[in-house]
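Just below is one structure, and these are the notes that go with it.
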């Protein structure tokens, strides 16, 4: 969809798109929400993934700031929507950021604006079975990945119920909404014990996703869980992680956010 088409899809509103930059402040009390994964990119088995975004602005004149954590290191990109009523896009990464690839998005209110909003987002693709849609969770700062203390095993972030099947694949992803580099370690635990560990080194403002391959001797089970933790100095801004299970035949996906959980005496590799 072109930028002009996106403008025409705004209901009951006028829309102004601000310039892209590498920094933008959000009001401290604004209801910032994070979309952990978004796409405007081809995938496996002939799929092309896009991201729909719906925003309802409630006060009539609020500025809504969108911040993009992208797959290509280079800092955060920002853009501002000023509108009343409803905003809708069938391909928000292209319409607002002219970006192709995978990413994560944060949405908040412009400083000084007395505005509130609600929103919904989904990744979708058209295939031989019609449109396949993955609803995207909306996360808050409470879901950010933490750096644990090895002496106490405090809260880790977990994505529960990865499952496994011969005709599906599992991806793991994280985003760094920070001006500092960050490192995240992801480990999988199931009925056979620990089944593989991956370390993600994230540049400032970077999003990254990779395929999670099980070790042959430790296959995943339906109850397998991915554990995430930060390593080293915590960045000044939040990191969010997730797992996504995708069918190889239909490209239908299920996104599982990594939410805070306090493990009981689980020896995490490398902590």
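Just one of (1) surrounded by fewer than 15 Cβ atoms within 10 Å (Cβ to Cβ); (2) touching a strand residue (DSSP E or B) at 6+ places or on another chain (Cβ under 8 Å) trips up residue 68, so point out which.
(1)
Only one of these is at pLDDT below 65 and either crowded, with 16+ Cβ neighbours inside 10 Å or over 17 Å from the mean Cα position of the chain (by Cα) (or both): 230, 253, 270, 205. Name it.
270
Looking at this structure, is residue 49 in a strand (DSSP E or B) and within 22 Å of residue 208 (Cα to Cα)?
yes
Yes/no per residue for (1) under 14 Å from residue 119 (Cα atoms); (2) more than 20 Å from the chain's Cα centre (by Cα):
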residue: 50; (1), (2): no, no
residue: 54; (1), (2): yes, no
residue: 57; (1), (2): yes, yes
residue: 65; (1), (2): yes, no
residue: 76; (1), (2): no, no
residue: 80; (1), (2): no, no
residue: 86; (1), (2): yes, yes
residue: 91; (1), (2): no, no
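Looking at (1) at pLDDT below 65; (2) assigned by TED's automatic domain parsing to the domain that holds residue 167; (3) over 22 Å from residue 76 (Cα atoms), can you tell me which one residue 246 breaks?
That leaves (1) as the condition not met.
The values are calculated or read from the model by the stated rules, or taken from the named source; none is laboratory data. These numbers were taken from a predicted model, which means no experiment stands behind them. Ideal geometry is used to build each Cβ from the backbone, glycine not excepted, and the neighbour counts take in all protein chains shown.
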